Amino acid sequence: MDKTVNQKAWFLVLPVFAIVAFSAILPLMTVVNYSVQDTFGNNQFFWNGVGWFKELLDPSSDLGERFFASLARNLAFSAIILAIEVPLGIVVALAMPRHGWTVALCLVIMALPLLIPWNVVGTIWQIFGRPDIGLLGYSLNGLGIDYNYVSNAFDAWATVVVMDVWHWTSLVALLCYAGLKSIPDAYYQAAQIDGASRWAVFTAIQLPKMHRVLLIAVLLRFMDSFMIYTEPFVVTGGGPGNSTTFVSIELVKIALGQFDLGKAAALSIVYNLIIIIVCWVFYTVMTHAGADRDNNPGSA
Amino acid sequence: MHSIPGRRIILALYLIFLLLPIYWLVNMSFKTNAEIVSTMTLWPHQPTLENYRTIFTDESWYSGYINSLKYVVINTVLSISFALPAAYAFSRYRFLGDKHLFFWLLSNRMAPAAVYALPFFNLYSAINLFDTPWAVALAHCLFNVPLAVWILEGFVSGVPKEIDETAFLDGYSFPKFFVKILMPLIASGIGVAAFFCFMFSWVELLLARTLTSVNAKPISAVMTRTVSAAGMDWGLLAAAGVLTIIPGALVIWFVRNYIARGFALGRV
């Protein structure tokens, strides 16, 4: 759509700008302020320059070691859940019925996990996975598999990953389903006349149509898994040991647990920078994909 | 031609996978603690409503639900009313810094709540809003307002520009056009955006817990009370969990026909 240039549009955007600036910029300024200062308590602060950042980015220091370890765990976690949730979501979307009352039923059941408070998601899996009272833990142990997410790091990881798949795959599936629904029947008829195989229909028609929604899905899933806090915290508390301590859990430990403001602030800023960079890459790719489509309307 | 071989089996397995943990929670909420701890039963053999009765009669429990609903509703109303004009502006006009502003908004949707927990605590304590629903509602605006702008922009872009022009030619003022013509046209979009604001405010715990202590404590924070010296009160915890699922399920039912498009953020 061609837009007209109109600077007065700023008045319409101003309220949003004000409220988000209030919630985003003001606190961020506090964080920047803390990140360059140190304190011995009593609300007396003194200048520390980039000291905290140096310590944070130095893997040989205690803080740096914790930061890089949790960052590595978090990236591994994001990679694993993306590798599972995206293909699974596409398959589920393709398996969805297209007409009839079953569509509404499937949609409601699939959306259900998304509307459950995150700590309750944790609680559900905490209960479900327990070897003594949970169906999953009890059955696995009954089958002779020694499963205990509290003491075994691998089991803890498996539980957190399966929980995230349970929680969020539906988001990917619903996005893909929306993309699939926008394909006119004529495309399929044309494919049938051409004698296209099932795979060809998928790669030539369905996947290109899902391209945009898939980008949104990957972006949302990456971001939300990168800042995951509540669910693993409720289930494993970051343990056993530190094996499921992701960046957010580490940050909250430092900020609200130890009240180490300088360290927490430096970590916050680096964390935020990573997120903004990733976000910017996706945004650029997305707007370019959109621009390509607008320029060649026939090819989409 | 549309779907894949074995789709019924795949779909059935997936739905069972989704429902099984929820079933287990519901199952436990109707059991007594003695039954939960002593035996493994697939359904409650001595069904009891005791857990639910505790929640509905103890004020510290049910006030948690009321507090949660309060800030969720405030947040949804705030987010939508702020986002609507902005969505229109982003969809129709080019202005200085529009792309950067849109990106900046988007990046706030992605900001980790953990970063903001401590500064928000300081900020809302300083302006005397700590431990009120307003503090949580405003804090949740951080990610809900950008999201609402994003969704609504997609829906506004779906309305042909000619409609605006015709309305202005007919002598509609801008506010009148906005309320009388545009808002009814994107009613489903407003519903979807409200659904998402409700959803993300309802499920968030970290900020809600950090910004409240006693008077505005949300249900998710109250739930941690079930850990006591005598061990976990599993039945009560499960019942409280089930009750937090219900508002979400109700909301889904109302928007079920728009869910798919909504999750694509109005951009299909």
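Yes or no: residue A:183 closer than 26 Å to residue B:22 by Cβ and outside any helix (DSSP H, G or I)?
It is false that residue A:183 is closer than 26 Å to residue B:22 by Cβ and outside any helix (DSSP H, G or I).
Is it the case that the stretch A:188-205 has a residue that's facing another protein chain (nearest Cβ under 10 Å) and touching a His at 6+ places or on another chain (Cβ under 7 Å)?
Yes.
Can you pull out every residue in the stretch B:28-44 that is touching a Gly at 6+ places or on another chain (Cβ under 7 Å) and assigned to a loop (DSSP other than H, G, I, E, B)?
Hits for the stretch B:28-44 are B:31, B:32.
I'd like to check which helices (runs of 4 or more DSSP H) are fully inside the stretch A:1-108 and have at least 3 residues that are free of Cβ contacts under 8 Å to residues at least 12 places away in the same chain and in contact with a helix residue (DSSP H, G or I) (Cβ under 7 Å, 6 or more places away or on another chain).
Because the criterion is at least 3 residues that are free of Cβ contacts under 8 Å to residues at least 12 places away in the same chain and in contact with a helix residue (DSSP H, G or I) (Cβ under 7 Å, 6 or more places away or on another chain), the helices (runs of 4 or more DSSP H) in the stretch A:1-108 that meet it are A:9-35, A:62-95.
Which residue pairs have Cβ atoms closer than 8 Å, lie 6 or more positions apart in sequence or on different chains, and pair a first residue in the stretch A:209-225 that is in contact (Cβ under 8 Å) with a residue 12 or more places away in the chain and more than 16 Å from residue A:275 (Cα to Cα) with a second residue that is of a type in the set (S, T, N, Q) and surrounded by fewer than 21 Cβ atoms within 10 Å (Cβ to Cβ)?
Listed by first residue and then by second, the contacts come to A:209/A:182.
Considering only the stretch A:124-132, I want to know if a residue exists there that is surrounded by fewer than 21 Cβ atoms within 10 Å (Cβ to Cβ), out of contact with any Gly (no Cβ under 8 Å at 6 or more places or on another chain) and assigned to a helix (DSSP H, G or I).
no
Name every residue in the stretch B:111-157 that is surrounded by fewer than 24 Cβ atoms within 10 Å (Cβ to Cβ), among the polar types (S, T, N, Q) and at negative phi, in order of residue number.
Within the stretch B:111-157, B:122, B:125, B:132, B:157 meet the criteria.
Criterion first (in contact with a Phe, Trp or Tyr (Cβ under 7 Å, 6 or more places away or on another chain) and either buried (at least 19 other Cβ atoms within 10 Å of the Cβ) or at pLDDT below 90 (or both)) does residue B:24 satisfy it?
Answer is yes for this residue.
Between a residue in the stretch B:53-64 that is at negative phi and small (Gly, Ala, Ser) and any residue that is buried (at least 16 other Cβ atoms within 10 Å of the Cβ) and assigned to a helix (DSSP H, G or I), which pairs come within a Cβ distance under 7 Å, given they are 6 or more apart or on different chains?
Partner pairs satisfying both residue conditions: B:60/B:222; B:64/B:219; B:64/B:222.
Take the conditions away from chain A (no Cβ under 12 Å), over 30 Å from residue A:260 (Cα atoms) and touching a Cys at 6+ places or on another chain (Cβ under 7 Å) and apply them to residue B:76. Does it pass?
So residue B:76 passes the test.
Which condition from (1) facing chain B (nearest Cβ under 7 Å); (2) more than 27 Å from the chain's Cα centre (by Cα) is the one that residue A:140 breaks?
(1)
I need the full set of residues from the stretch B:207-225 which are at pLDDT below 85, crowded, with 24+ Cβ neighbours inside 10 Å and in a helix (DSSP H, G or I), in order please.
Within the stretch B:207-225, B:219, B:220 meet the criteria.
I'm trying to understand the selection: among the residues of the stretch A:140-158, which are of a type in the set (S, T, N, Q) and out of contact with any helix residue (DSSP H, G or I) (no Cβ under 7 Å at 6 or more places or on another chain)?
Selection gives A:141, A:151, A:152.
Looking at A:266, A:190, A:196, can you tell me which residue is over 30 Å from residue A:125 (Cα atoms) and not in a helix (DSSP H, G or I)?
A:196
The values are calculated or read from the model by the stated rules, or taken from the named source; none is laboratory data. All figures in this text were calculated on a predicted structure; none of them were measured in a lab. Note: ideal-geometry Cβ built from the backbone for every residue, glycine included; neighbour counts use all protein chains shown.
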